[in-house]
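Here the structure is laid out as structure tokens; the discussion comes afterwards.
The values are calculated or read from the model by the stated rules, or taken from the named source; none is laboratory data. All figures in this text were calculated on a predicted structure; none of them were measured in a lab. No Cβ is skipped: glycine too gets one built from the backbone with ideal geometry, and neighbour counts run over all protein chains shown.
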Amino acid sequence: MATLTEVQSSPTLSNDEILRYSRHLIMPEVGMEGQLKLKSAKVLCIGAGGLGSPLALYLAAAGVGTLGIVDFDVVDYTNLQRQIIHSTSDVGRPKLDSAAEKLKAINPFLNIRKFEARLASDNALELFRQFDIIADGTDNFPTRYLVNDACVLTGKPNVYGSIFRFEGQASVFATELGPCYRCLYPEPPPPGLVPSCAEGGVLGILPGLVGVIQATEAIKLILGKGDPLIGRLLLVDALGMKFRELKLRKNSDCPACGTHPTIKKLIDYQEFCGIRGEEAIAEATASDIQVEELKKRLDRGDDLFILDVREPHEYQICNLGGYLIPVGDLPMRVNELDSSREIVAHCRSGGRSAKAVNFLRQAGFKKIHNLAGGVLAWADRIDPSMPKY
Amino acid sequence: MAKIHIPTPLRQYVSKQPSVEVKGSTVGEALHGLVSQHPDLRRHLYTEEGKLRAFVNIYLNDEDVRYLNKEATAVEDGDNISIVPSIAGGTSLASAGG
């Protein structure tokens, strides 16, 4: 029997809340006890984007008492294909404001805490300590490793989800006895070997699938029910509609959570993950050509060879009439290029073509430029009728 | 013959196939068979020194080969080998490339 003081310090449900959560309350796995656990729970969502949208919407609806969101981005038109917490009229608004409004509309009992900041080594630990569970839905390796290490250091479980094109991964990392992200991947891939969503694309419904799996795991951890994804990596293949599961083990040599950890504080994660990529881009900048200059030179009839290093399906969206060799095919197809001609390489926004320029320069090409800003800059500054994507 | 499952980011190096059938009595032999059929894949799986890259995990069925016999783990007909690279897609919190 609970004493009177315990009862007073615990949360209770109002009659409105009891009605709202009635489909939970009549389930033995949740019940009043579980619903009160949800109300006391504090979950931090890293990002209010593709994964964060369904995750936050369902956690809010389910009655999680406190939802923190870290984001500093504004809603972009290209987000709407998958980030269902934001509406067309929200384009240009901070994602935090747009998300908070939708969540409050779904559940006015929700306590929302907005953190408009870039999650970084100097704020992560203090922030994580204020929550029970961290839900990681970011799109880059430095933040993945930062979230993992901060979860291990603060002892908070990391409900993990990740997506690429039509494949997803989900797991629960950094619980007391289970493995962490570094047990699985001790170090990140070098930049350039793994394309980002902006380069590779993502099927719009996939973050829905994976984000809802994350929400499910967060709810199970709060309730202490079921069999969480601890020590298991769930692989989702939306194209084949196959779910596979791999065993994960806690690595006793893990630098973060092993028996003799070497990571005792947060490090510089950009440096840990990104040095080579930044060098590649810096090297290419020396030979950048601006869209205005390219237009002028084409108009006066200069002999320029336009090399488009995007994928064929991107070429169909819009193009500058260039010769198409996807950046991944360049090593095989480099003999199709004439090194005596002046070449201007371009992609969507300039990242892939910078890599292509570096590659071609190493292959002996001297007269080669990177079109700064790619076809996006061309659409913005030269030809407003060209579609952007 | 064992089946090697190719994850989406690497399919561009194996003519877009989701899986490739290879011969080999160990995981290492099967992977070498795979990269000799598809040489462009090699630098994504192996370092210049010929070691498997640290961010590429290899599973035999549902078990990480690091906890079996690593690349010497025996492979039987009908086994499934999975390449599980790290992917980071999700919400853009930092500038994305491309």
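Descriptive notes on the structure:
- Hits in region A:125-141 - residues which are surrounded by fewer than 24 Cβ atoms within 10 Å (Cβ to Cβ) and more than 15 Å from A:PHE173 (Cα to Cα): A:LEU125, A:GLU126, A:LEU127, A:ARG129, A:GLN130, A:PHE131
- Residues that are assigned to a loop (DSSP other than H, G, I, E, B) and out of contact with any helix residue (DSSP H, G or I) (no Cβ under 6 Å at 6 or more places or on another chain) were ranked within region A:336-365; the one that is nearest to A:GLY301 (Cα to Cα) is A:ARG341.
- Against the criterion of being within 21 Å of A:ASP299 (Cα to Cα), touching a helix residue (DSSP H, G or I) at 6+ places or on another chain (Cβ under 8 Å) and crowded, with 22+ Cβ neighbours inside 10 Å, A:ILE368 qualifies.
- Extreme residue, farthest from the other protein chains (Cβ to nearest Cβ), among residues of region A:326-348 that are in contact with an Asp or Glu (Cβ under 7 Å, 6 or more places away or on another chain) and over 16 Å from A:PHE365 (Cα atoms): A:PRO326
- Residue check, A:ILE46 touching an Asp or Glu at 6+ places or on another chain (Cβ under 8 Å) and either surrounded by 17 or more Cβ atoms within 10 Å (Cβ to Cβ) or outside the structural domain of A:GLN214 (by TED's automatic domain parsing) (or both): yes
- Subset tally (residues that are part of a strand (DSSP E or B) and surrounded by 18 or more Cβ atoms within 10 Å (Cβ to Cβ)) for region A:238-251: 1
- Residue among B:TYR46, B:TYR67 that is out of contact with any Asp or Glu (no Cβ under 8 Å at 6 or more places or on another chain), more than 28 Å from A:VAL327 (Cα to Cα) and within 14 Å of chain A (Cβ to nearest Cβ): B:TYR67
- Top-ranked residue of region A:106-158 - restricted to ones that are in a strand (DSSP E or B) and within 12 Å of chain B (Cβ to nearest Cβ), ranked as farthest from the chain's Cα centre (by Cα): A:PHE115
Residue by residue, here is whether (1) at pLDDT below 90; (2) over 30 Å from A:LEU96 (Cα atoms) holds:
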residue: B:LYS3; (1), (2): no, yes
residue: B:PRO9; (1), (2): yes, yes
residue: B:VAL22; (1), (2): no, yes
residue: B:LEU34; (1), (2): no, yes
residue: B:ARG43; (1), (2): yes, yes
residue: B:LEU52; (1), (2): yes, yes
residue: B:LEU60; (1), (2): no, yes
residue: B:GLY89; (1), (2): yes, no
residue: B:ALA94; (1), (2): yes, no
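- Taken together, A:LEU67, A:LEU51, A:LEU103, A:LEU55 contain a single residue that is surrounded by 15 or more Cβ atoms within 10 Å (Cβ to Cβ), within 22 Å of A:GLU126 (Cβ to Cβ) and touching a residue at least 40 places away in the same chain (Cβ under 8 Å), which is A:LEU67.
- Of A:LEU55, A:LEU103, A:LEU67, A:LEU96, all but one fail to be part of a helix (DSSP H, G or I), modelled with pLDDT of 95 or more, under 21 Å from the mean Cα position of the chain (by Cα) and away from chain B (no Cβ under 13 Å); the exception is A:LEU103.
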